[in-house]
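For reference, the structure discussed in these notes is given below.
The values are calculated or read from the model by the stated rules, or taken from the named source; none is laboratory data. This one's a predicted model, so the numbers in the text were calculated from it and none came from an experiment. Cβ placement follows ideal geometry from the backbone for every residue including glycine, while neighbour counts extend to all protein chains displayed. Areas reflect the complete protein model, heavy atoms only, side chains present, ligands, DNA and RNA absent. Shrake-Rupley method; radii C 1.70, N 1.55, O 1.52, S 1.80 Å.
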Amino acid sequence: MLNEGIAEILLTREQILGRVEALGRKISEDYQGKDLMVVGILKGSFVFLADLIRCITIPLTVDFVAISSYGSS
C-alpha cells in the first residue's frame with residue numbers, strides 16, 4: 001500500500017507536470033495575440049489552474065466561478 005486509501009499511483013508527479021507544461025505551451029501558441037481568460041471552477045480547480053497558468057507564456061486574466069449542487073437534481 002502506497003498511502004492510506006491509495007492502492008495504486010497511475011501517473012507520476014513528473015508525468016502530470018509534463019502534460020501540464022505541454023498544455024500551457026499549446027495554449028500559449030493557440031492564443032498568441034488574443035485575449036485569454038482562464039476560468040476555474042472553485043474550489044477543485046485551484047491547484048491545477050495555478051500550475052497551468054505558470055506554464056502559459058502570454059498575458060492572461062484569471063477568474064473563478066463557484067457552483068453548488070442542490071440535492072440529486
Item checked: Subset tally (residues that are part of a helix (DSSP H, G or I) and among the acidic types (D, E)) for region 5-45 -> 4
Next item on the list: Assess whether S68 counts as being surrounded by 10 or more Cβ atoms within 10 Å (Cβ to Cβ), out of contact with any Asp or Glu (no Cβ under 6 Å at 6 or more places or on another chain) and of a type in the set (G, A, S).
Entry: no
Margin query: Under 6 Å between Cβ atoms, which residue pairs at least 6 apart in sequence (or on different chains) link something in region 12-36 that is of a type in the set (G, A, S) with a partner that is in a helix (DSSP H, G or I) and open to solvent by less than 70 Å² (accessible area, probe 1.4 Å)?
Written below: G24/L52; G24/C55
Item checked: All positions within region 30-47 that are out of contact with any Phe, Trp or Tyr (no Cβ under 9 Å at 6 or more places or on another chain) and either at pLDDT below 95 or exposed (fewer than 12 other Cβ atoms within 10 Å of the Cβ) (or both) -> D30, Q32, G33, K34, D35, M37, G44, V47
Next item on the list: Look at region 46-69 and say how many of its residues are outside any helix (DSSP H, G or I) and touching a helix residue (DSSP H, G or I) at 6+ places or on another chain (Cβ under 9 Å).
Entry: 6
